[in-house]
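Just below is one structure, and these are the notes that go with it.
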Amino acid sequence: MDNESESKPEWKSLLFDYQNISDSYLTLSKANNELKGDNEILNKRSVWLHEQTELLNRTSAELMSMNLALSLENNRLMEQIVNLTSTNLQLTQERDQLVQYTSEVEEKKLNMSQTIKYLLSSNTQLQEEKQRLSEMSSLLTDELFQVKEKNQELLEINDRFQREIQNLSEKVGAFLRDDCEKASKHNMQLQEAVRELQEEKQNLSVMLVAERQEAAEQQRNRRKEMDQMVADMHSVNRSLDLYCPVVNQKTKERICKKCPDSWRLFQTKCYYFSSRLLTWSSSRAWCQTHGGDLLVINSEPEQTFIFDTSRVVEQDGRLWIGMTDAEREGEWRWVDGSTVTSDVQYWLSRPGMVSEPDDWKMDDPLGEDCGHIDTSENTLKSWMDGSCKIPYRWICEKNV
């Protein structure tokens, strides 16, 4: 009984352990099944990761290739930047040289104008000097004639003195024969008188020679002055022939040029009609470097002259003039600062359409801020506004 009672608890313990082991086995079976499922998932993920790795490797190779290509393109662009920088520097230097040359040309032009004025003034002065020298030459001729007459008088006085000396010598001989003592005394007096007469003769001869030399020197100086004046006058005449040519050989009438070559005269101003194309600001700079500015229209006759002359240069074309509303939209001003008045304006108007200026923004988002003339329209209805960046021909204006 004791053995049975002792073996029963052991059997229960074994049964309990068996149950635990069975439970553990079931648990392990479930865990194994779950691990198998997880292993299949991991295998699938491993295959996917391998595919992704190969894709990344191919992408990396493509990126490396693209990076190399971009590096080469970057080097090429850097070379272009260096070349453009060098070209920009060269263009800047050429622009500075052009500005300096333009300033020198303007200075030479101003100097030439002053030279012409000076030559005209000098010509007048030379004419007056020539007249004065002519009068002075006449006076010198008269003075020379008077000197000759005075010289003749001195020669006559000298001859008279010689005759008196001879007479005195004869009288001395007679006195010596008549009264030796009286004659001796008188002879001394006569010798003193002769000595005084000889000294006076010598002084007169010296004075005569000096006056002759002075007159000859004055005449030589006057001749040199006349020759110099004639040379200066010839130089002035050559300059006048260049800038103020003779138009009538009989009357010697001269006409001086009022406008430079390629400029046209109208009333009191000179006008230049270009055949090249520039933007509004560039065309204004060109006018300013040539002593003027873009055109300012002040009257209907001037508008008619400008329009007709522009059509002669080119039948249908557009030309920049000197007005803009860049500072304030709709407020049009000329380049001299004056306002475009209502009594002198010739804007284009189209029936049933928007009239000029219309500030059209389709070609330029900034609008149209510069004025030009369209020669395909009517004379008194030809003004239009346009984009200042578009190159057109232009019209310059400057005073005579």
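Mind checking which residues of region 262-285 are in contact with a Leu (Cβ under 9 Å, 6 or more places away or on another chain), buried (at least 19 other Cβ atoms within 10 Å of the Cβ), of a type in the set (A, V, I, L, M, F, W, C) and not in a strand (DSSP E or B)?
TRP280
Just name the residue that is modelled with the lowest pLDDT out of those in region 364-374 that are under 33 Å from the mean Cα position of the chain (by Cα) and part of a loop (DSSP other than H, G, I, E, B).
Applying the first criterion (under 33 Å from the mean Cα position of the chain (by Cα)) to region 364-374 yields 364, 366-374.
When the remaining residues are screened for being part of a loop (DSSP other than H, G, I, E, B), the result is 364, 366-369.
On the way: ASP364: 87, LEU366: 90, GLY367: 92, GLU368: 94, ASP369: 95.
Among those that are under 33 Å from the mean Cα position of the chain (by Cα) and part of a loop (DSSP other than H, G, I, E, B), it is ASP364.
Please indicate, with yes or no, whether at least one residue in region 386-396 is more than 16 Å from THR279 (Cβ to Cβ) and either part of a loop (DSSP other than H, G, I, E, B) or not assigned by TED's automatic domain parsing to the domain that holds LEU295 (or both). Spell out how you get there, then give the answer.
Start the filter on region 386-396 by keeping residues that are more than 16 Å from THR279 (Cβ to Cβ), which leaves none.
No, region 386-396 contains no residue that is more than 16 Å from THR279 (Cβ to Cβ) and either part of a loop (DSSP other than H, G, I, E, B) or not assigned by TED's automatic domain parsing to the domain that holds LEU295 (or both).
Given the conditions (1) within 20 Å of SER299 (Cα to Cα); (2) of a type outside the set (Gly, Ala, Ser); (3) surrounded by 11 or more Cβ atoms within 10 Å (Cβ to Cβ), which single one is not true for ASP359?
Failed condition: (1).
Is one or more of the residues making up region 334-351 among the acidic types (Asp, Glu) and either without any contact (Cβ under 8 Å) to a residue 24 or more places away in the chain or not in a strand (DSSP E or B) (or both)?
The first filter runs over region 334-351 and keeps only residues among the acidic types (Asp, Glu), leaving 336, 343.
If we keep only those that are either without any contact (Cβ under 8 Å) to a residue 24 or more places away in the chain or not in a strand (DSSP E or B) (or both) too, we end up with 336, 343.
Checking region 334-351: at least one residue is among the acidic types (Asp, Glu) and either without any contact (Cβ under 8 Å) to a residue 24 or more places away in the chain or not in a strand (DSSP E or B) (or both).
In region 369-388, how many are of a type in the set (A, V, I, L, M), out of contact with any Phe, Trp or Tyr (no Cβ under 6 Å at 6 or more places or on another chain) and surrounded by fewer than 22 Cβ atoms within 10 Å (Cβ to Cβ)? First the steps, then the outcome.
Step one: list which residues in region 369-388 are of a type in the set (A, V, I, L, M), which gives 373, 380, 384.
Now narrow it down to the ones that are out of contact with any Phe, Trp or Tyr (no Cβ under 6 Å at 6 or more places or on another chain): 373, 384.
After this cut, where a residue has to be surrounded by fewer than 22 Cβ atoms within 10 Å (Cβ to Cβ) as well, the list is 384.
Residues that pass the stated criteria total 1.
I'm checking my understanding of the structure. Among residues of region 297-316 that are buried (at least 19 other Cβ atoms within 10 Å of the Cβ) and modelled with pLDDT of 95 or more, which one is nearest to TRP332 (Cα to Cα)?
Residues of region 297-316 that are buried (at least 19 other Cβ atoms within 10 Å of the Cβ), as a first pass: 297, 303, 306-307, 310.
Those still in the list that are modelled with pLDDT of 95 or more too: 297, 303, 306-307.
Numbers: ILE297: 13, GLN303: 17, ILE306: 20, PHE307: 20 Å.
Checked region 297-316; the qualifying residue nearest to TRP332 (Cα to Cα) is ILE297.
Can we say SER86 is among the small types (Gly, Ala, Ser), surrounded by 10 or more Cβ atoms within 10 Å (Cβ to Cβ) and either in the same structural domain as TRP286 (by TED's automatic domain parsing) or under 30 Å from SER282 (Cβ atoms) (or both)? Talk me through it step by step, then tell me what you get.
Numbers: among the small types (Gly, Ala, Ser): yes; surrounded by 10 or more Cβ atoms within 10 Å (Cβ to Cβ): yes; either in the same structural domain as TRP286 (by TED's automatic domain parsing) or under 30 Å from SER282 (Cβ atoms) (or both): yes.
Taking the combined requirement at face value, the residue satisfies it.
The values are calculated or read from the model by the stated rules, or taken from the named source; none is laboratory data. Model, not experiment: these values are computed from the prediction. Ideal geometry is used to build each Cβ from the backbone, glycine not excepted, and the neighbour counts take in all protein chains shown.
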